[in-house]
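Okay, so here's the structure we're looking at.
The values are calculated or read from the model by the stated rules, or taken from the named source; none is laboratory data. Note that the structure is predicted; figures quoted are calculated from it, not measured. Every residue, glycine among them, receives a Cβ derived from its backbone with ideal geometry; neighbour counts consider all protein chains shown.
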Amino acid sequence: MDGHRHGLSTLKPSTLAPDADRQPRPTPPPPSPTRARAGGRRPGVGRVLAWGLAAGIPLVFLGVFFAWPVATLVARGFIADGALDLSAFAEVFARQRTWRIIGLTLAQAGIATAIALLLGIPGAYVLHRRQFRGRAAVRAFVTVPFVLPTVVVGVAFRSLLATGGPLDFLGLDGTFAAIVAALVFFNYALVVRTVGGLWEHLDPRTEQAARALGASPLRAFASVTLPALAPAIASAASLVFLFCATAFGAVLVLGGTRYGTIETEIWIQTTQFLDLRAASVLSVVQLVIVAAALAVASRARRTRERALSLSEPAGAARPLRLRSGVDAAAAGVTALVVVLIALPLVSLVVRSLRTPTGWGIGNYTALGTTGGSNALTVTVWEAAANSLRIALDATVMAVLVGGLVALVVSRRPRRRSARRAVSLLDAVFMLPLGVSAVTVGFGFLLTLDHPFGLDVDLRRSALLVPIAQAVVAVPLVVRTVLPVLRAIDPRLREAAATLGAGPGRVLASVDLAMTVRALGLAVGFAFAVSLGEFGATSFLARPDRPTLPVVIFKLIGRPGAENHGMALAASVLLALVTAGIIAVAERLRGPAGGEL
Amino acid sequence: MDGLMIDALSVRYGDARRGAEVRAVDGVTLEVQRGEVLALLGPSGCGKSSVLRAVAGLEPLAAGSVSWDGADLAGVPVHRRGFGLMFQDGQLFPHRDVAGNVEYGLRMARIPREQRRARVAELLDVVGLAGYGARAVATLSGGERQRVALARALAPRPRLLLLDEPLSALDRALRERLADDVRSALVATGTTALFVTHDHDEAATVGDRVAVMSAGRLLQAAPPAELWRRPASREVAEFLGYQAFVDLDSAQGAAIRGALGGDLPAGVRVAALAEGALVVAGLVVGPVGMSGSGSAEAPVVASGTVLATAFRRGRTELSVRVEGLGRVTAAAAAGAVAAPGDEVALTLDRKAVALL
């Protein structure tokens with residue numbers, strides 16, 4: 001789930017700017033004023049074949065690279081020597097360590113979700129319901145953590161809290177509080193965007209009506225506005241909980257040996273203790289938690305969509321007035337959050353400029369080396385190049401597969417059997433939405449050694465890491481593109497057809513033309529996710545072809561101020577590239593919606 | 001035959017096997033001659049839009065056939081039929097500007113750019129939006145959007161234009177003005193059209209003929225004047241806005257029969273009165289006779305009690321309870337004044353009476 005955090009929740013109406021794009025002009029053959037041609041076939045074989053292919057490609061991809069590994073993983077937990085055997089469960093659950101990890105996971109996620117909501121709702125009010133100078137800049141700034149790779153966030157928090165850091169005196173390094181703080185840091189923007197997105201579309205006249213009926217401002221908020229926001233709050237809470245419960249990179253960096261989540265525990269059991277059965281059992285537990293959080297999230301999403309369709313486009317936000325108690329309190333909380341978000345980021349950049357011999361760019365020039373006492377097998381620059389190449393492959397796969405999923409699932413065919421097939425596919429394709437990256441990586445390790453009895457070891461293929469990253473990024477692509485496709489009025493396609501556009505041209509000139517921005521956004525998200533992906537990659541990256549996050553994690557695990565400085569510099573590099581890509585993608589968003 | 005022929009058309013929704021089937025259209029036979037504008041009139045949910053969608057090829061036929069110039073259209077996909085379709089809410093492409101919308105069909109027909117440009121300008125002129133080509137769709141008002149949608153549908157010179165309640169989403173004044181404009185645009189371009197509406201005034205304004213549908217069946221198709229003069233049934237008359245029905249053989253009918261004059265067509269038994277068919281001539285004075293201004297041309301035909309008065313479009317309308325007819329809307333003759341509770345004498349406006 002590590003990779004999933006690169007999405008920003010906004011709830012803009014899905015209308016596209018009219019200047020979006022133009023179809024390429026076809027070369028003009030002789031004019032034919034009457035378009036009607038006699039005859040014609042019932043759209044049959046070709047169409048069925050095309051849609052079969054559109055559904056088949058993602059089915060096969062996700063079947064081989066998601067369903068099969070996960071099924072194998074689950075089977076490992078339940079079956080030993082060909083028979084149902086629950087002894088592994090009994091054994092793993094008899095360990096105190098297991099219960100401690102499950103408790104920690106739920107506690108971390110629960111507390112972090114609660115704090116993110118407490119801070120995020122005032123933030124949503126200030127940043128989406130009130131107008132002030134610099135609002136756009138503050139909005140952009142608070143979303144930066146959400147798109148940062150988790151390893152980078154871990155390193156940034158350590159640079160702040162660990163020995164020598166500006167907040168060393170707090171003694172928070174390696175504590176539960178530090179992990180919770182990092183999780184809140186990540187997910188604050190998710191709450192602000194989800195809740196604020198609905199809030200700005202709420203019709204203020206409903207609350208005004210309550211006031212006119214005699215409700216005090218507080219009463220009006222509690223009895224009118226809060227219930228209206230409830231679906232967005234529930235949706236944000238379940239997503240934040242999901243992200244926190246599946247946090248991997250940041251927890252691994254910050255938690256040390258004492259704290260962890262089920263995700264980090266799967267990784268430790270696999271790579272340190274080589275206890276694959278225990279890891280399988282934990283993966284099953286993780287799947288249950290993820291499924292529960294997803295079920296709550298999708299329920300909340302459905303009510304939110306209903307609520308949204310009811311709301312009128314709200315008028316311009318009112319200016320922020322610090323004289324009013326409510327505004328002042330909300331603005332105060334938000335200002336504090338801004339400072340707290342800035343701290344680790346500033347600390348990361350500042351400390352990356354501090355070398356053992358004083359201030360300078362020594363850590364950055366060292367990126368061309370393999371680190372102190374050859375900590376690495378390749379230079380950081382080489383790792384960065386690996387990352388970019390892998391991200392490119394992963395993005396192509398994720399956008400292709402995710403785009404096809406969104407296309408197929410968005411259809412509403414007339415025939416009952418076809419409609420049933422689509423809703424079945426919908427359910428099947430939604431399964432990996434909550435995929436835990438560590439589970440994918442671990443599953444790949446289990447299954448891709450001589451898959452299906454073939455004499456190939458896919459584990460050594462250069463495509464393995466991109467494939468795993470694509471599996472992690474597909475849900476994000478679907479979530480970005482599907483709502484936009486679904487928002488297209490089917491009659492728009494009918495209008496195009498009556499104007500003479502065949503099925504293919506309808507697809508190109510209506511569906512594709514109206515989704516092109518969302519697709520651009522999806523490309524950006526997928527690329528950023530892939531660049532920062534650590535959960536699956538940490539299992540699968542070959543030692544001679546590590547990615548940037550893998551290299552960073554390795555560097556901070558090695559002794560020596562030189563390696564540590566390089567880790568900081570590499571983190572700054574990764575953060576800049578990721579943030580840059582997201583910034584470009586966000587510009588593409590325009591008024592195009594999408595769920596994230 | 002020339003033009004559109006709809007023969008015993010049926011359209012069904014839902015699943016027959018599960019008993020959840022709805023017969024939206026049930027055996028409708030209808031033709032539209034080339035160059036003719038046929039208005040398909042009916043209450044919402046009567047299946048008129050389903051007829052339209054079936055003709056466009058957007059709904060499968062459960063039974064019957066749709067043909068053009070004698071050639072059956074079964075198996076001809078939507079985009080090959082050459083039928084334009086205009087929706088109630090326009091369905092303009094939001095990612096294209098006004099010109100981009102209008103020229104869409106021309107692109108699909110692979111018309112060269114110069115010709116496209118000329119045709120777009122011509123069409124925008126026809127719908128009264130000359131010079132709007134570069135405007136973004138989002139900046140248009142509701143009426144302007146419908147004009148663009150009309151231009152877009154007309155641009156590729158469709159053999160037949162299907163209009164699905166194109167004016168229903170607009171406010172009344174605009175609707176009435178646009179109905180005239182649609183009519184003149186269709187006539188100016190010589191377009192054959194099937195115009196669906198639930199508004200009988202609109203149907204009469206736009207259509208050369210009006211076809212009335214109810215509950216999936218076609219009740220009557222006739223030119224507006226004939227339709228209003230001789231509705232085929234009480235159901236049609238009710239839908240056309242006739243308010244009260246008087247049996248001409250009854251005691252009450254006698255007065256009305258007298259007012260209508262002597263020569264009634266054979267078989268007529270019932271007079272249908274539209275709103276305003278009864279005109280308040282004045283107050284009933286005293287218990288015995290009626291006064292007011294009945295005359296030889298317009299004798300007093302009934303009396304009633306005024307329930308309420310209303311002022312509509314600058315004229316007074318009275319809601320009057322008439323024994324045997326119930327509550328009817330009566331017009332007020334010039335100078336007639338009445339207040340709720342008054343007994344009034346009513347004369348007949350022959351032009352607002354239909355014979356059944």
(message) Which of the strands (runs of 3 or more DSSP E) found entirely inside segment B:1-104 contain at least 2 residues meeting this: among the polar types (S, T, N, Q) and closer than 26 Å to B:GLN220 by Cβ?
(response) B:63-68
(request) Please tell me if B:SER49 is surrounded by fewer than 20 Cβ atoms within 10 Å (Cβ to Cβ) and more than 8 Å from chain A (Cβ to nearest Cβ). (result) no
(message) Condition first: in a helix (DSSP H, G or I) and small (Gly, Ala, Ser). Now tell me which residues in segment B:175-216 satisfy that.
(response) B:ALA179, B:SER184, B:ALA185, B:ALA188, B:ALA203, B:ALA204
(request) For A:LEU576, indicate whether it is free of Cβ contacts under 8 Å to residues at least 12 places away in the same chain, away from chain B (no Cβ under 14 Å), out of contact with any Gly (no Cβ under 7 Å at 6 or more places or on another chain) and of a type in the set (A, V, I, L, M, F, W, C). (result) yes
(message) Checking the structure you have, find out if any residue of segment B:21-44 is under 20 Å from B:PRO156 (Cα atoms), out of contact with any Leu (no Cβ under 6 Å at 6 or more places or on another chain) and either crowded, with 21+ Cβ neighbours inside 10 Å or at the interface with another protein chain (Cβ under 9 Å from one of its Cβ atoms) (or both).
(response) no
(request) Might you let me know whether segment A:402-412 holds any residue that is at negative phi and either loosely packed, with under 14 Cβ neighbours inside 10 Å or in contact with a Gly (Cβ under 7 Å, 6 or more places away or on another chain) (or both)? (result) yes
(message) Take the residues in segment B:118-133 that are under 10 Å from B:VAL102 (Cα atoms) and not hydrophobic (A, V, I, L, M, F, W, C); name whichever of them is farthest from the other protein chains (Cβ to nearest Cβ).
(response) B:GLY133
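For (1) part of a loop (DSSP other than H, G, I, E, B); (2) modelled with pLDDT under 90; (3) in contact with a Lys or Arg (Cβ under 8 Å, 6 or more places away or on another chain), each residue gets a yes or a no:
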residue	(1), (2), (3)
A:TYR125	no, no, no
A:ARG133	yes, yes, no
A:THR143	no, yes, yes
A:VAL155	no, no, no
A:LEU160	no, yes, no
A:PRO166	yes, yes, no
A:ALA182	no, no, no
A:PHE185	no, no, no
A:THR194	no, yes, no
(message) For a quick check of your reading: which helices (runs of 4 or more DSSP H) sit entirely within segment A:363-470 and have at least 2 residues that are more than 14 Å from chain B (Cβ to nearest Cβ), under 25 Å from the mean Cα position of the chain (by Cα) and at pLDDT 90 or above?
(response) A:380-409
(request) Take segment B:59-75 and flag every residue that is within 7 Å of another protein chain (Cβ to nearest Cβ) and either over 28 Å from B:GLU21 (Cα atoms) or modelled with pLDDT of 90 or more (or both). (result) B:ALA71
(request) Using the structure shown, decide if A:LEU62 is under 30 Å from A:VAL422 (Cα atoms) and either at pLDDT 80 or above or within 14 Å of chain B (Cβ to nearest Cβ) (or both). (result) yes
(request) List every residue pair whose Cβ atoms lie under 6 Å apart, where the two residues are 6 or more positions apart in sequence or sit on different chains, the first residue falls within segment A:253-274 and is farther than 17 Å from A:GLY557 by Cα, and the second residue, located anywhere, is among the small types (Gly, Ala, Ser) and at pLDDT 85 or above. (result) A:THR261/A:ALA247; A:ILE266/A:ALA279; A:ILE266/A:SER283; A:GLN269/A:ALA278; A:GLN269/A:ALA279; A:THR270/A:ALA279
(request) Collect the residues in segment B:91-110 that are in contact (Cβ under 8 Å) with a residue 24 or more places away in the chain and at the interface with chain A (Cβ under 7 Å from one of its Cβ atoms), keeping them in residue-number order. (result) B:GLN91, B:PHE93, B:PRO94, B:ARG96, B:ASP97, B:TYR104, B:GLY105, B:MET108, B:ALA109
(request) Test B:ASP181 against the criterion of being of a type in the set (D, E, K, R), surrounded by fewer than 24 Cβ atoms within 10 Å (Cβ to Cβ) and facing another protein chain (nearest Cβ under 10 Å), and give yes or no. (result) no
(request) Filter segment B:134-155 down to residues that are within 12 Å of chain A (Cβ to nearest Cβ), out of contact with any strand residue (DSSP E or B) (no Cβ under 7 Å at 6 or more places or on another chain) and assigned to a loop (DSSP other than H, G, I, E, B) and give me whichever is surrounded by the most Cβ atoms within 10 Å (Cβ to Cβ). (result) B:ALA155
(message) Yes or no: segment A:109-116 includes at least one residue that is in contact with a strand residue (DSSP E or B) (Cβ under 8 Å, 6 or more places away or on another chain) and without any contact (Cβ under 8 Å) to a residue 60 or more places away in the chain.
(response) no
(request) Sort out which residues of segment A:490-502 are in a helix (DSSP H, G or I) and within 8 Å of chain B (Cβ to nearest Cβ), and write them in order of number. (result) A:ARG491, A:LEU492, A:GLU494, A:ALA495, A:ALA496, A:ALA497, A:THR498
(message) Among the numbered criteria (1) in contact (Cβ under 8 Å) with a residue 40 or more places away in the chain; (2) more than 28 Å from the chain's Cα centre (by Cα); (3) at positive phi, which one does B:GLY326 miss?
(response) (2)
(message) Test of understanding: among A:LEU521, A:LEU492, A:LEU476, A:LEU507, which residue is touching a helix residue (DSSP H, G or I) at 6+ places or on another chain (Cβ under 6 Å), within 22 Å of A:ALA55 (Cβ to Cβ) and not acidic (Asp, Glu)?
(response) A:LEU476
(message) Quick check on segment B:76-90: of everything there that is at the interface with another protein chain (Cβ under 7 Å from one of its Cβ atoms) and over 11 Å from B:ALA153 (Cα atoms), which residue is surrounded by the most Cβ atoms within 10 Å (Cβ to Cβ)?
(response) B:ARG81
(message) Every residue in segment B:238-254 that is touching a strand residue (DSSP E or B) at 6+ places or on another chain (Cβ under 7 Å) and over 11 Å from B:GLY324 (Cβ atoms), please.
(response) B:PHE239, B:GLY241, B:TYR242, B:GLN243, B:LEU248
(message) Need the failing condition index for B:THR139 against (1) more than 28 Å from A:ARG517 (Cα to Cα); (2) without any contact (Cβ under 8 Å) to a residue 60 or more places away in the chain, just the number.
(response) (1)
(request) Count, please, the residues in segment A:79-123 that happen to be in a helix (DSSP H, G or I) and at pLDDT below 90. (result) 11
(message) For the structure I just gave you, tell me whether A:GLU562 is surrounded by 19 or more Cβ atoms within 10 Å (Cβ to Cβ), of a type in the set (D, E, K, R), more than 14 Å from chain B (Cβ to nearest Cβ) and over 14 Å from the mean Cα position of the chain (by Cα).
(response) yes
(message) Tell me yes or no: at least one residue of segment A:199-207 is outside any loop (DSSP other than H, G, I, E, B), over 14 Å from A:TYR125 (Cβ atoms) and among the hydroxyl-bearing types (Ser, Thr, Tyr).
(response) yes
(message) Quick test of your reading of the structure: A:PHE525 fulfils all but one of (1) more than 10 Å from chain B (Cβ to nearest Cβ); (2) more than 20 Å from A:LEU404 (Cβ to Cβ). Name the failing condition by number.
(response) (2)
